[in-house]
Amino acid sequence: MKRILLIALLLSGLMPAVAQVKKEDLATKNTASPGAETSVTVNGKNIWIYYHAPSVRGRHIFGGAGAHQPDGSVWRLGADYATVLHTDADVDLNGLAIPKGDYTLYADLDNGHWKLIVNKTLMSGGRHIWGVGVSPDGIREGATTDDPATELGRASLTMGKPSSPVETLKITLSGAGGAKGKLLIEWENVTASAPFTVK
């Protein structure tokens, strides 16, 4: 019975896959939002995030009326396929315990008080989750991002402003000494960050 339950959970995408995500499978031909990666080794363990990096291109992205990504919405933290986090070790991200494995990342913009959503769903059938909205094959998957049943949890982010506008989305993982590190998200007129500790 336990074996059947485990297989059912894996097939439904509610458990992180044991095998590491292949970054090449996440690549698209969208030159307006090219694939990008950030990685860091902390305490001898590798952590990486693969995402697609859109640019502002004259648009109003965050905050206020007419924003491309309105306050209170859920954002895929990039473009195209959902942004993927891989960690070789258990991590505490600002109070959220993340077991080693692969996850998708989203941001709950929550009226300027962002929260990072760590989601356990990586696949939809035989392909990676497209993220918010409709994928090229016409499948709407936005509910994946705001369904507590598919989430590992949410972590609060510290909000700030860059010294100058950031044209292209940039996500950075960096070491902060010992077992500690930092996640930093920068785009347009917003920065969002959180500390993490490798267990």
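Rule-based calculations on the coordinates, nothing more; no lab input. On a predicted model such as this, the values are computed, not experimentally measured, just so you know. Please note: Cβ atoms are built from the backbone with ideal geometry, for glycine as well, and neighbour counts cover all protein chains shown.
Residues within the reach of a label modelled at ASN111 (point 7 angstrom out along Cα to beta-carbon, backbone nitrogen below 19 Å), restricted to region 66-95, are 66-75. For LYS100, give me every one of the aspartates and glutamates with a C-alpha distance below 13 angstrom, ignoring sequence neighbours fewer than eight places off in its own chain. Cross-link targets: ASP88, ASP90, ASP92.
Proximity of backbone amide H atoms, modeled 1.01 Å from N, is registered between GLU151 and LYS120 at under 5 Å, excluding neighbours fewer than 5 places apart on the same chain.
Sorting 161-167, 172-178 by their mean Cβ neighbour count within 10 Å, with the most densely packed peptide first, gives 172-178, 161-167.
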